[in-house]
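Trainee: Structure in structure tokens, see below.
What follows is calculated from the coordinates using simple rules that are stated; it is not laboratory data. Just so you know, these numbers come straight off a predicted model, no measurement behind them. Cβ sites come from the backbone with ideal geometry, for glycine too, and all protein chains shown count toward neighbours.
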Amino acid sequence: MVKKDAVLINLKGIIKRYPIGIDDFCQALNGVDISISQGEFVAIMGPSGSGKSTLMHIIGALDTPTKGKQFFKGKNIASYKEDHLAEIRNKEIGFVFQFFNLLPRMSVFENVERPMLYGGVPIEERKRRVMDALEAVSIADKAKNLSNHISGGQIQRVAIARALIMDPSVILADEPTGNLDTKTAYEIMNILTELNNKGRTVVIITHEDDIANFAKRKIKIVDGKIVSNTKNKKKQS
Amino acid sequence: MKPREILRSAIRALRMNALRSSLTMLGIIIGITAVILISSVGQGAVAFISNELSSFGTNFFSISPGSDIVSTFSGGGEPIVLEDVEAIEEANISNIETIAPFSLTNKVVSANGESVRVSIYGMTPEALILLKPNMIYGEFLSDDDRNSRIVILGSDIAEELFGEDTDPVGESIKINDIRFAVTGVSKSGGTFFGSFFNTAVNIPLEILQDQIAGNEEIMEIDISVHDTDLLNETMDEVESVLRDHRNIDEDEDADFTLTSFTAALDTFGTITTLLTVFIAGISGISLLVGGIGVMNIMLVSVTERTKEIGLLKAIGAKRKDILTQFLIESAVLTTIGGIIGIFLGVGGTFLIAVVAGIPFIISVPWILLAVSISTLVGVVFGIYPARKAADLLPIDALRYE
């Protein structure tokens, strides 16, 4: 793991355009510069269509920028090929999505185990790590349940357990509470806060102020540009 | 991912859509069932007929008029007559066991006010050794009967003229208004070619020639030998005797044909094998159609599971992981279909064997070929959908609605 405060993610002049039709395009990001250090808890905020999801996808190596430099642990990964990016996603990034987080009709255990299958972790170690991760999010008793037989809050807990399973450098959560009631949403945010308190870097995308207030830093993005990047003075816990 | 894990994952994915998977397999199941059924039943039939031919005897050959099969039936060329038979007899070829000449004609036979048109065979007592008829009533021709107006009735004909379970020996029938005494009723001895005994009537050859057919033509001479290993040499000797007798030079084409049953057996086997391969090839079309069905369903599956593919890529699945997963799914689908097809094919073959009374033969090479082909169909027709899945960009897959 990179030592605390070392720069983990560094985006410079990131431009992302999506083609529309033959000769038109949509500019989702328009020169974004962001630096996220190890151990930070950052909330990226913005209205619908602001480009915050695109930004998260680029940070998470799910997408590549049209222009700009994208450093991850000091390496410019902007031009990496898909398989190389898949390795980074597997080992360095843990994702928590708003929807379609878990593989349908697979057990909770199998869902959490899955990244380790791609990471080549031996079977005995996989079992131990899955149970540890499920205990860390207080859902070990649901290990054998099918993923479509648990509640929305439990799904997000399982998703967090899966995100942690490869001991990644950063957890990226895209509207992780968007589908949950307030109480459950706060429980999920408390889990993420606790992980951050233990030194894990957490980046969340949200459009809700109260959720963003769990983070230590808030970045606001509008029309593909960062309009504010400040420490969160109202931080909840 | 390790192969065992991919396999487990593939079987799980197929079980999720059990009905669809089963329907997709149907084309493969039908194709493989057909291939196994046709090849096995074909082999069973070959074995059955070979067995029948062998029971009739691989220790004999026949001589028919004409230089080939066409002239044999069209009646062209110099006919074979009793003098030819005598010439062979006089040559005293040591390996010859029996010489049995036959003639055939078609006439109306009547008795008890019943009339029926039947094949009438003219034969000599030697035919008993070659054709092995089962005598239900009376006796077969004996040496004393060569010039007697007697008749051996086929069991079906006897039944038609005299009624069921009636012994007609001592009765008489008319052929061409000439009265013949019934001396026996014969039934097929179980041999393939001996089966005509049921539906024909047999009279002494010379009587047939003189009084019924009105000519001296012999349809066929069958000759059995003591030592089958020397069959070809004996055939050469007989050919040479006949050439001498009929004044045909060595460099001329003979106006008669010698055929051994071993050769006929080989020809029959070749024809059946060709037919089996041909029909099995046609069943292969079903496999092709089944393969296209598999590809279609796998494409639907890729589209349906686009988000799942996106999620798998997000958590670290590489291109080859997704490619292998879908290829294995497709191959597992067709292999299971192939295995079901084998069971159905083997079961069907068993049923046909029992019902038709042919040997139950299962060809292991055909089964191995069937499994390999079904797996291959899965891999070949799975490649395009699997590549389509593997080439999806994670972000496009995750955003797919």
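Trainee: Specify the angular offset, from 0 to 90 degrees and rounded to the nearest 10, of the alpha carbon long axis of helix B:18-56 from the longest principal axis of the alpha carbons in chain B.
Mentor: 20
Trainee: Next question. Averaging sequence separations of C-alpha pairs under 8 Å and six or more residues apart, then dividing by the length of chain B, give the relative contact order as a whole percent. Intermediate values should be presented prior to the final figure.
Mentor: Details: 700 pairs, mean separation 115.9, N = 401.
That works out to 29 percent.
Trainee: Further, regarding this structure: Amide H neighbours of A:Ala78 under 5 Å, at least 5 residues apart or on other chains, H built in the peptide plane: list them.
Mentor: A:Gln70
Trainee: For a quick check: with amide H placed at 1.01 Å from N, whose amide H comes under 5 Å from B:Lys187's, ignoring anything fewer than 5 positions away on the same chain?
Mentor: B:Asn134, B:Met135, B:Ile136
Trainee: Go through the range B:248-260 residue by residue and turn each phi into a ³J(HN,Hα) via Karplus (6.51, -1.76, 1.60, θ = phi - 60°); whole Hz please, and just put x for glycine and proline.
Mentor: 3J(HN,Hα) across the range B:248-260, in whole Hz: 10, 6, 4, 8, 8, 6, 6, 9, 9, 10, 9, 10, 9.
Trainee: What is the gain in length, in nm to one decimal, between B:Arg15 and B:Ser172 on full extension, counting 0.36 nm per residue of separation less the C-alpha to C-alpha distance? Please report the intermediate quantities before stating the final value.
Mentor: On the way: separation 157, 0.36 × 157 = 56.52 nm, distance 7.61 nm.
Full extension from B:Arg15 to B:Ser172 adds 48.9 nm.
Trainee: Apply the Karplus parameterisation 6.51 cos²θ - 1.76 cosθ + 1.60, with θ equal to phi minus 60°, to every residue of the range A:53-69 and state each ³J(HN,Hα) to the nearest whole Hz, in sequence, with x for glycine and proline.
Mentor: Whole-Hz 3J(HN,Hα) from phi for the range A:53-69: 5, 4, 4, 4, 5, 6, 4, x, 6, 8, 9, 10, x, 6, 9, x, 10.
Trainee: Follow-up. Along Cα→Cβ, 7 Å out, is where each label goes; now give me the distance between the ones at B:Asp144 and B:Glu52 in nm to one decimal.
Mentor: Taking the simple label geometry, B:Asp144 and B:Glu52 are separated by 3.7 nm.
Trainee: I've got another one for you. Which is farthest toward the positive dipole end of the protein assembly as shown among B:Val379, B:Thr276, B:Leu230, measuring Cα position about the Cα centre, with Cβ charges +1 (Lys, Arg) and -1 (Asp, Glu)?
Mentor: Projecting each Cα onto the dipole axis, the largest value belongs to B:Val379.
Trainee: Have a look at A:Asn148, A:Asn196, A:Asn90 and tell me which one the Gaussian network model of chain A (Cα, springs below 10 Å) gives the largest fluctuation.
Mentor: A:Asn148
Trainee: As I understand it, the value is the acute angle between the Cα axis of helix A:123-136 and the longest principal axis of the Cα atoms of chain A; what does it come to in degrees, rounded to 10?
Mentor: Between the helix axis and the principal axis of chain A, the angle is about 80 degrees.
Trainee: Measuring from a point 7 Å past the Cα of A:Phe71 along Cα-to-C-beta, which residues in the range A:13-28 have an amide N at less than 16 Å?
Mentor: Once the point is set 7 Å along Cα→Cβ of A:Phe71, A:13-14 turn out to lie under 16 Å by backbone N, inside the range A:13-28.
Trainee: Helix A:82-92 versus the longest principal axis of chain A: what is the Cα-based angle in degrees, 0 to 90, to the nearest 10?
Mentor: Once rounded, one gets 60 degrees.
Trainee: Let me ask something else. Under 5 Å between amide hydrogens, which residues at least 5 positions from B:Ile93 or on another chain qualify, with H placed 1.01 Å from N in the peptide plane?
Mentor: HN-HN under 5 Å from B:Ile93: empty list.
Trainee: Using a 7 Å offset from the Cα along the Cα-to-Cβ direction at both A:Phe25 and B:Ser67, what is the distance between the two label points in nm, to one decimal?
Mentor: 8.6
Trainee: Which one of B:Ser363, B:Val185, B:Leu287 has its Cα pushed farthest toward the positive end of the charge dipole of chain B, where Lys and Arg give +1 and Asp and Glu give -1 at the Cβ?
Mentor: B:Leu287
Trainee: Send over the Kirkwood Rh of the range A:7-231, from the inverse of the averaged 1/r over different Cα pairs, rounded to one decimal Å.
Mentor: Details: mean 1/r = 0.0559 Å⁻¹.
Computed over Cα pairs of the range A:7-231, the Kirkwood hydrodynamic radius comes out at 17.9 Å.
Trainee: Rounding to the nearest 20 debye, state how big the charge dipole of the range A:7-231 is about its Cα centre with +1 on each Lys and Arg Cβ and -1 on each Asp and Glu Cβ.
Mentor: Numbers: 30 positive and 26 negative charges, 100 e Å.
Using only the charged Cβ atoms, the result is roughly 480 debye.
Trainee: Number of Lys-Lys pairs in chain B under 21 Å by Cα, sequence gap 8 or more or different chains?
Mentor: The result is 13.
Trainee: Given an 8 Å cut-off on Cα distances and at least 6 residues of separation, report the relative contact order of chain A as a percent. It would help to have the intermediate numbers written out before the result.
Mentor: Numbers: 477 pairs, mean separation 65.3, N = 237.
Once divided by the residue count of chain A, the mean separation gives 28 percent.
Trainee: Read phi for every residue in the range B:293-307 and hand back ³J(HN,Hα) as whole Hz from Karplus 6.51 cos²θ - 1.76 cosθ + 1.60, θ = phi - 60°, with x for Gly and Pro.
Mentor: Rounded to whole hertz, the list is x, 4, 4, 4, 5, 5, 5, 4, 4, 4, 5, 4, 9, 4, 5.
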